[in-house]
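Right, one structure below, let's go through it.
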Amino acid sequence: MTDLAARKCKPCEGGVTPLSAAEAREQLAKIDASWMLLADGKTIMREFDFQTFSRTIAFVNAVAWIATVEGHHPEMLVRYRSCRVTYTTTAIDGLSENDFICAAKIDRLVDL
């Protein structure tokens with residue numbers, strides 16, 4: 001199995017077919033089981049919980065760094081001791097491999 005976290009995102013400006021539901025489920029099996037494929041079939045989401053606000057913000061900053069380096073940005077809902085990370089590839093109105101690459105990189109942040 002290819003280690004998604006070791007891969008780099010490819011620029012996506014449209015013109016690419018989004019992953020099918022079957023392809024999305026195949027990619028989902030390669031990342032932490034806490035990631036969920038939402039009912040729209042176009043989005044993956046994971047909720048992260050932390051002991052303190054400062055740890056939450058440190059996580060948010062690390063995710064922001066990954067997003068900047070990869071050129072692929074999530075939506076994040078930040079709360080006092082949690083952060084919800086949501087990925088979709090807006091340019092294709094669905095999921096791309098980039099979403100799963102970034103999710104795998106984020107998984108490594110909390111697997112330490």
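The values are calculated or read from the model by the stated rules, or taken from the named source; none is laboratory data. Computed from a predicted structure; not experimentally measured. For neighbour counting, all protein chains shown are included, and Cβ atoms are generated from backbone atoms with ideal geometry for every residue, glycine included. Accessible surface areas use protein heavy atoms only, side chains included; no ligands, DNA or RNA. Shrake-Rupley method; radii C 1.70, N 1.55, O 1.52, S 1.80 Å.
Observations
- Whole-number D in µm² s⁻¹ for region 45-112, Kirkwood Cα-pair radius fed into Stokes-Einstein, 25 °C, 0.890 mPa s: 202
- Applying a DSSP loop filter and a limit of 14 other Cβ atoms within 10 Å to the trypsin sites (Lys or Arg not before Pro) in region 61-92 leaves Arg81.
- Solvent-accessible heavy-atom area per residue, rounded to whole Å², over the chain at 1.4 Å: 58
- Residue among Cys102, Ala64, Thr89 farthest towards the positive dipole end of region 61-102, charges placed on Cβ: Ala64
- Pairwise FRET efficiency - Asp3 versus Ala64, Cβ, R0 = 22 Å, nearest 0.05: 0.45
- Fraction of accessible area attributable to carbon and sulfur, the chain (%, probe 1.4 Å): 53
- Projected label distance in nm at Ala21 and Gln51, using a 7 Å step from Cα toward the beta-carbon: 4.2
- For region 33-112, the set of chymotrypsin sites (Phe, Trp or Tyr not before Pro) satisfying both a DSSP loop assignment and a count of at most 12 other C-beta atoms within 10 Å is given as Tyr80.
- Accessible surface, 1.4 Å probe, highest first, among residues Thr68, Thr88, Thr43: Thr68, Thr88, Thr43
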